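Peer 1: Structure provided below as structure tokens; questions to follow.
Rule-based calculations on the coordinates, nothing more; no lab input. Just so it is clear, the model here is predicted, and its values are computed rather than measured. Cβ: placed from backbone, ideal geometry, glycine included. Neighbour counts: every protein chain shown.
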Amino acid sequence: MVVLGICVPWGAAVAQQFRVRQEENFRRDSTTTSTILGSVRPGTVLEGGPGGRWIPVTLEGWIWSRSVGASPGPGFDLSVTLATGENLRDEPNGQILARLELGCLLEEVERRGNWVHVRRSGWMWAQSLEARGPATVPVVAPPGRVSAVEETGPSLDRALLATETEIVSVPEGDVRGTLQPDTPTKILARSGDWVRVQVEGWVREDALRPGSPGVLVGVSGAEVRSRPEEFVGKVLQWTLQYVALQVADEVRMDIPNGARYMLARGPRPETGFVYVVLNDDQAAAIERLQPLTDLVVVGRVRAGRSRYLGNPVLQLIAMDVREP
């Protein structure tokens, strides 16, 4: 188990150890709308101060010196300058502890060759942290969302629905059904104030139709951007809005130079951009479409975050025009 060095600058607060249960955002302030400074890997053990829904912590580790520059603001020494963000490691070229976002401000501790020892205080959502010290973590669910439950012991990736709740395909997307209060769920991922859940139950066999094995449905663009390495090579089904047909140049380092690709928005209803690499036949079919046409596409992830702009890159496998 890797222990992430911590300094807790919250006065006389007593530090306590926490283990990160699942990849979680590291934020500047204790709200879901606060700036995301980075994401911390599961299994990382860190220390923090007492809190409620949010726990104050300080990330400390090593970062590649060419990925940081002078801080543009007071109170910090450095800022992450790499457009796709940079890894924070437990030692130079060591195990990855977190991924810091572009613009994340840092305190410099020391330098060792091409590596910089840095530190940054912030906040993490309490439900993603498991208490390991003698104190306990106050685990409070967002109102009207979910509440923690116990099986053989406390488990922060299990929850009960507090109220009757609609389940949607992606955040702000199409409604897939309604779940009743006290339905057991497994928490798979978080994106802002949305939680991706898994629900188990039974249906009659004659209600089923064949699916596409190996194709992930319901994955948001925010999930792919936050965990890019996890999704490389996976096949996704997304609804995208066609914007333009373009040709890659040397700046698009995640797309072969000269290859044609589709610039699209999505996955719907998200408004971020996605790049979809095409073969000649697929490009010819796209040329016949009007801009802003909605498409259902199946594609394999080439990159979860493109080098400079941080957009997902897919290799198109199949597509279909979505009826208006």
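Peer 1: Counting Lys and Arg as +1 and Asp and Glu as -1, what is the net charge of the other residues whose Cβ lies under 14 Å from the Cβ of ASP90? Numbers along the way, then the final one.
Peer 2: Working: positive: ARG41, ARG89, ARG99, ARG112, ARG119; negative: GLU60, GLU91.
My count for the surroundings of ASP90 gives +3.
Peer 1: Also, I was wondering about something else. How charged is the neighbourhood of TYR275? Take every other residue with its Cβ under 9 Å from the Cβ of TYR275, and add Lys/Arg as +1 and Asp/Glu as -1.
Peer 2: Working: positive: ARG252, ARG302; negative: ASP254.
So the environment of TYR275 carries a net charge of +1.
Peer 1: Sticking with this one: Ranked highest first by the average count of other Cβ atoms within 10 Å around their residues, in what order do 245-251, 166-172 fall?
Peer 2: 166-172, 245-251
Peer 1: Over its Cα atoms, what ratio of radius of gyration to 2.2 N^0.38 Å does segment 35-100 give? Mind showing how you got there, number by number?
Peer 2: Values: Rg = 12.9 Å, N = 66, 2.2 N^0.38 = 10.8 Å.
Dividing the Cα Rg of segment 35-100 by 2.2 N^0.38 Å gives 1.20.
Peer 1: Just subtract the alpha-carbon distance of VAL199 and ILE317 from 0.36 nm times their residue separation and send over the number in nm, one decimal. Walk me through the numbers on the way to the answer.
Peer 2: Numbers: separation 118, 0.36 × 118 = 42.48 nm, distance 2.89 nm.
In short, 39.6 nm is gained.
Peer 1: Then there's this: Which Cα, out of PRO74, VAL116, CYS104, lies furthest along the positive dipole direction of segment 16-128 (beta carbon charges, K/R +1, D/E -1)?
Peer 2: After comparing all options, I get CYS104.
Peer 1: In debye to the nearest 20, how big a dipole does segment 196-313 give about its Cα centre with +1 on each Lys and Arg Cβ and -1 on each Asp and Glu Cβ?
Peer 2: Details: 15 positive and 14 negative charges, 40 e Å.
Roughly 200 debye for segment 196-313.
Peer 1: Counting just the Cα atoms, what span does segment 215-321 cover along each of its three principal axes? Round to the nearest Å and put the largest first.
Peer 2: So the three principal-axis extents are 34, 30, 22 Å.
Peer 1: Let me ask another. Can you give the local net charge around ILE286? Use residues other than it whose beta-carbon is closer than 15 angstrom to its beta-carbon, Lys and Arg +1, Asp and Glu -1.
Peer 2: Values: positive: ARG260, ARG265, ARG288, ARG322; negative: ASP280, ASP281, GLU287, ASP294, ASP320.
For residues surrounding ILE286, the net value is -1.
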